[in-house]
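Here the structure comes first, spelled out in C-alpha cells, and everything after it is commentary.
The values are calculated or read from the model by the stated rules, or taken from the named source; none is laboratory data. Everything quoted here is computed from the prediction, not taken from an experiment. Here Cβ is always computed from backbone atoms with ideal geometry, including for glycine, and neighbour counts include all displayed protein chains.
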Amino acid sequence: MTAFALGPEQEEWCARLRADTAGRLRPLAERGELGRVNRPLVAALGELGLLRRLFPDGGSPRALDLCLLRESLAQECTEAETALALQGLGACPIVQSGTAEQRDRWLPEVAAGRAVAAFALSEPGAGSDAAALALAAAPDGPGRWRLSGEKCWISNAPEADFATVFARTGADGPRGITAFLVPADRPGLGGQRLDMLSPHPIGTLVFDGTPVTAADVLGEVDGGFGVAMRTLNLFRPSVGAFAVGMAQAALDAAVAHAGTRTAFGGPLKDLQSVGHQLAEMATRVESARLLVYAAAAAYDRGAPDIARRAAMAKLLATETAQYVVDAAVQIHGARALRRGHLLEHLYREVRAPRIYEGATEVQRSLIAKELYRTAARPPAGAAPRD
C-alpha cells in the first residue's frame, strides 16, 4: 500500500476491530468508573491480542499499524482506545531502551492486560517544556539515587502498577535527564487522583526519597530525554489517528442525524447550509487522515524529517477533530449536550489531545524550527555562495 490508500486486508481488519470494539469493549467501558483505571477493559484488550500488537515480537510496532489500531478503536469506544494507548506509552520506553530483565518482567504482564503502565514526564512546572523538569534524582551511593518531587497530569496515576519516570540526574536542560522504571510499590511513592474533564484516569505521583538503582535505568544515565522523544515521535502520529477516529465518529453521527431530523418542512440534509457544513467536515477529516498515514509511513521507512511530519499530523488531526465534533454538536442542537449522548462524550474527550504529548502551539513551533533548519541547509551539490 501507499501512504494514501489502505489495502483490502487492512480495511477488513479495521472493520473487524470496530465490530469487536462495539460488541465486547464498549460494554466494559460503559460499566467503568469515571476517572479510575478500568482493569476489566485493560484485561479484555489483552485477551483480544490488541496489547500484544504494541510490541510485536518484542519490538516496537509499525507506526501505521498503531495508527490503524487507534483510529479503529476510537471510532467505537474512546475509553478502549485510551486504555490501549496508555499501555503503549508507558511500556514503549521498556521496548526501546529496557534491559532484558526489565522486558522479561513487565512486557508479558502489559501484553496480557495484567499490569497497568504510566508515562510520567509532565510536572507542575514542566508540561510542554519537557526539558525543564525538576524531579530530582539525588545520588545515594554508586548506581543508586533517591527521587524527590512531583509528577502531575499523569494518565493512569496513581493506580498504575509501574511508571516510566523521567528525573534530573545532571545539569539543567535535556542532557541531564534519566529515565527510570519505577514499580508502584516502591517506598516513598504516592499520589492522588485529579478530577479532570477527561473521563480516563489522571493524577499525580509524589516521590519522597523513593529509591532507584542502576537496574531501574532505561537506556543510559543522562540519556532519558532521548528515551522520551523516541517514544513521543512514535506516538504523535497515532495521537492524530485517535483524533481522526473521534472526528469520523462525529461526522457519521451528523450525517445520520441530518438524514432523519426534519426541520422547515424537510430533512436537515436538504438545507444547503447543512450539506455544505457536512462536506467541509468530511474534507477536513480525510485531509487529516491522509497526513496521519503519511507521517506514519515516513516513520516506518526511517525518514529523516519524522519530527516535522509527526508534528504536522498531530497538529492538523487534533485541531480538525475539535472543529468536526463542535460542528456535529451544532447540527444536532441541544440533544447532543445531554449527558450520555455520543457527541457530549466526544466533546469532552476531544479537547485533551490538543494539549498532551505536545500542545498545538508546541507543534507549530517545532514545525517552524524544522522549516528554518531545512532552509539554512544548502541543497546537495549546490555551490557555496560568495
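Could you grab me the full set of residues in the range 335-354 that are free of Cβ contacts under 8 Å to residues at least 40 places away in the same chain and at negative phi? Show your work before the answer.
Keep residues of the range 335-354 that are free of Cβ contacts under 8 Å to residues at least 40 places away in the same chain, which gives 335-341, 344, 347, 354.
Passing the criteria: 335, 336, 337, 338, 339, 341, 344, 347, 354.
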Exercise for review: Identify all residues within the range 156-170 that are among the small types (Gly, Ala, Ser) and under 21 Å from residue 82 (Cβ atoms); write none if there are none.
Suggested key: 157, 160, 163
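Could you tell me whether the range 213-226 includes any residue that is in a strand (DSSP E or B), more than 30 Å from residue 304 (Cβ to Cβ) and either assigned by TED's automatic domain parsing to the domain that holds residue 352 or not aromatic (Phe, Trp, Tyr) (or both)? Write out each step before concluding.
Restricting attention to the range 213-226, the residues satisfying the condition of being in a strand (DSSP E or B) are 213, 217-218, 223.
Filter once more, so that each one left must be more than 30 Å from residue 304 (Cβ to Cβ): 213.
Now narrow it down to the ones that are either assigned by TED's automatic domain parsing to the domain that holds residue 352 or not aromatic (Phe, Trp, Tyr) (or both): 213.
Yes, that holds for at least one residue.
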Practice item. Test residue 195 against the criterion of being touching a strand residue (DSSP E or B) at 6+ places or on another chain (Cβ under 7 Å) and of a type in the set (D, E, K, R), and give yes or no. Key: no
Point to revise | Matching residues, the range 102-113, being among the charged types (D, E, K, R) and touching a helix residue (DSSP H, G or I) at 6+ places or on another chain (Cβ under 7 Å) | key: 103
Revision key, fill the gap. Exactly one of 84, 64 is crowded, with 24+ Cβ neighbours inside 10 Å, in contact (Cβ under 8 Å) with a residue 12 or more places away in the chain and touching a Lys or Arg at 6+ places or on another chain (Cβ under 9 Å), and that residue is 84
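Take residues that are within 30 Å of residue 276 (Cβ to Cβ), at pLDDT 95 or above and of a type in the set (Ser, Thr, Tyr) and tell me which of the helices (runs of 4 or more DSSP H) falling wholly in the range 303-380 contain 3 or more. Steps first, answer last, please.
Values: elements: 306-332, 342-349, 360-376.
Passing ranges, in order: 306-332.
Just name the residue that is farthest from residue 118 (Cα to Cα) out of those in the range 141-190 that are of a type in the set (Val, Ile, Thr) and assigned to a strand (DSSP E or B).
Of the residues in the range 141-190, the ones of a type in the set (Val, Ile, Thr) are 154, 164-165, 169, 177-178, 182.
Cutting the leftovers down to assigned to a strand (DSSP E or B) gives us 154, 164-165, 177-178, 182.
Working: 154: 7, 164: 6, 165: 8, 177: 18, 178: 16, 182: 10 Å.
Here the answer is 177.
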**Study point:** Scope the range 113-128; condition crowded, with 16+ Cβ neighbours inside 10 Å and more than 19 Å from residue 176 (Cβ to Cβ); matching residues
**Key:** 113, 115, 116, 117, 118, 119
**Study point:** Out of 163, 167, 184, 214, sole residue that is of a type in the set (Gly, Ala, Ser), at pLDDT 95 or above and within 20 Å of the chain's Cα centre (by Cα)
**Key:** 163
Check your understanding: Just wondering, is there one or more residues in the range 323-341 that are surrounded by 15 or more Cβ atoms within 10 Å (Cβ to Cβ) and within 21 Å of residue 130 (Cβ to Cβ)?
Key -> no
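Of all residues in the range 267-290, which are in contact with a Lys or Arg (Cβ under 7 Å, 6 or more places away or on another chain), without any contact (Cβ under 8 Å) to a residue 24 or more places away in the chain and surrounded by 14 or more Cβ atoms within 10 Å (Cβ to Cβ)?
Here is the first cut: in the range 267-290, the ones in contact with a Lys or Arg (Cβ under 7 Å, 6 or more places away or on another chain) are 267-268, 275.
If we keep only those that are without any contact (Cβ under 8 Å) to a residue 24 or more places away in the chain too, we end up with 267, 275.
The answer is 267, and nothing else.
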Exercise for review: Scan the range 20-47 for residues that are over 12 Å from residue 83 (Cβ atoms), at pLDDT 95 or above and hydrophobic (A, V, I, L, M, F, W, C) and jot them down.
Suggested key: 22
Practice item. Tell me which residues, restricted to the range 132-146, are surrounded by 15 or more Cβ atoms within 10 Å (Cβ to Cβ), in contact (Cβ under 8 Å) with a residue 60 or more places away in the chain and more than 11 Å from residue 214 (Cβ to Cβ). Key: 135, 137, 146
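Here is a yes/no grid of residues against (1) crowded, with 20+ Cβ neighbours inside 10 Å; (2) of a type in the set (Ser, Thr, Tyr); (3) out of contact with any helix residue (DSSP H, G or I) (no Cβ under 9 Å at 6 or more places or on another chain); (4) without any contact (Cβ under 8 Å) to a residue 12 or more places away in the chain:
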residue: 292; (1), (2), (3), (4): yes, no, no, no
residue: 302; (1), (2), (3), (4): no, no, yes, yes
residue: 309; (1), (2), (3), (4): yes, no, no, no
residue: 360; (1), (2), (3), (4): no, yes, no, no
Review point. How do the helices (runs of 4 or more DSSP H) wholly within the range 1-115 filter down when requiring 1 or more residues that are closer than 24 Å to residue 228 by Cβ: which remain?
Key: 39-47, 63-76, 78-97, 100-112
Check your understanding: Can you tell me which residue in the range 191-211 is nearest to the chain's Cα centre (by Cα), limited to those that are part of a loop (DSSP other than H, G, I, E, B) and exposed (fewer than 14 other Cβ atoms within 10 Å of the Cβ)?
Key -> 197
